[in-house]
Amino acid sequence: MRELSDKHGRVATDLRVSLTDRCNLRCTYCMPAEGLDWQPGEEVLTDDEVVRLIGIAVERLGVREVRFTGGEPLLRRGLVDIVSRTARLTTADGAPPETSLTTNGLGLDKSAEALAEAGLTRVNVSLDTPDPETFATITRRDRWHDVAAGLEAAARAGLTPVKVNAVLLRDVNDAQAADLLSWCLERDYELRFIEQMPLDAQHAWSRAEMVTAKEIHERLSERFALTEVDEDRGSAPAEKFHVDGGPATVGIIASVTQPFCGACDRVRLTADGQVRNCLFARQESDLRALLRGGADDEEIAEAWLVAMRGKLPGHGIDDLSFLQPSRPMSAIGG
Ligand code: SAM
Ligand code: SF4
């Protein structure tokens, strides 16, 4: 089997698939209050098209993990079917790919069971605060209790360990970091904080305003004893810490202040069928045009291999020449 390698020796085995750019929340660090101009329906890959591309990645190009994201992937009507068809594929190791979902959790209370039965392995639910009012301020929607219900349903359905992703915003929820960790520890959810990145549609991100990994560590250390987990991180972006001696852990992802680009094993497919070799890529490769133009699997695999070769060594957020990609995170797939 060939592999999705680049000129810097990295090999992509983790495919992030965006299933829609639409969302039912309006997180301030992601998109404006009025939402965005959503991709027109005919531009979005059909269920069959998306499964075909995932199949090429898994069965011809060495992909071992498939993570569904968006926008909000639970808004995709065919999600359960797409998961079940993905879980029936076979990787180079002869096993099915690991399948997971990054979601805001709205509606997960109703779909967790069906997703688990379809073969989904894990979920990451985004929740930035244990406080419903702060949640409404950040997401511009009063839906905290729905997310909490989604998390409970995920745990009941066995989609474990249930992971929670949080972004901290200065003077909004940064003072709640330790409260959020307590809340997650009580429920056995594995929490990971991620530094805010310049991927918002409004281009409002500011390096000076960003809450750094170092600050997150300091905030948590005011209440908990954190000791670094002694393990080879491999391509995992989170630096993990035992909380109060363990076994519980918390992760801190320093995407901006300590980039892990050198160990990156990801490749992304947008809902409209573009391959992106990096979240911050400024170029894409149009697999949808090939697909709809009648290309066979081998031709598509070749185009995918070429798309990966040009992956840049790093995102360069701190370079003076850094330019934010034209697509926001919600249209790339976080
Ligand atoms: N809607 C789903 C969700 O919120 O989990 C999936 C898509 S969302 C773009 C994926 C992840 O990206 C979420 O955990 C979200 O918090 C995170 N995210 C969005 N904008 C971000 C930004 N500017 N910096 C860092 N993380 C961001
Ligand atoms: Fe929606 Fe996720 Fe963006 Fe929030 S972070 S607006 S839930 S896509």
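Just so you know, all these numbers are worked out from the coordinates, no wet-lab data involved. Being a predicted model, the structure only gives us computed values, none of them experimental. Using ideal geometry, Cβ is built from the backbone for each residue, glycine included, and neighbour counts are taken over all protein chains shown.
Figures for the structure shown
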quantity	calculated
Using alpha carbons only: equivalent-ellipsoid semi-axes of region 4-332, gyration tensor based, whole Å	30, 22, 20
Placed amide H near Leu169: partners under 5 Å, 5+ positions off or other chain	Asp174
Lysine pair number, Cα distance threshold 20 Å (strictly under), region 4-332, separation 8 or more or different chains	4
Among Leu79, Gln176, Val51 - extreme Cα towards positive end, dipole of region 4-332, charges at beta-carbon	Val51
Bridge type composition, the chain - antiparallel percent by DSSP, nearest 5	30
Amide H within-cut-off set for Ser126, under 5 Å, with H built and near neighbours excluded	Thr103, Asn104, Gly105, Asn165
Most positive-pole-ward Cα, Met308, Ala295, Leu115, against dipole of the chain from beta carbon charges	Ala295
³J(HN,Hα), Karplus 6.51/-1.76/1.60, whole Hz, each residue of region 34-45, x for Gly, Pro	7, x, 10, 6, 5, 4, x, x, 6, 7, 7, 4
Nearest-20 debye value, the chain charge dipole, Cβ charges on Lys, Arg, Asp, Glu	420
Computed label-point distance, nm, for sites Ser5 and Glu209 using a 7 Å Cα→Cβ extension	4.3
Size of charge dipole - region 119-183 - debye, nearest 20, with Cβ of Lys, Arg +1 and Asp, Glu -1, no other charges	360
Whole-number percent relative contact order across the chain, with pairs defined as alpha carbons under 8 Å at least 6 apart	22
Farthest toward positive dipole pole in region 4-332 [+1 Lys/Arg, -1 Asp/Glu at C-beta], among Gly70, Pro130, Gln274	Gln274
Residues Phe322 and Ala178, FRET efficiency given R0 of 35 Å [Cβ-Cβ distance, rounded to 0.05]	0.65
HN-Hα J in Hz across region 264-274 - Karplus 6.51, -1.76, 1.60, θ = phi - 60°, x for Gly and Pro	5, 10, 10, 9, 10, 10, 7, 4, 9, x, 9
Assigned charges on the beta-carbon of Lys, Arg, Asp, Glu; region 38-197 dipole about Cα centre (debye)	360
Karplus 3J(HN,Hα) series, Hz, for region 189-200 with 6.51 cos²θ - 1.76 cosθ + 1.60 (x for Gly, Pro)	9, 8, 9, 9, 8, 10, 5, 5, 10, x, 9, 7
Distant-in-sequence amide H partners of Leu191 (H built 1.01 Å from N, under 5 Å)	Val164, Gly251
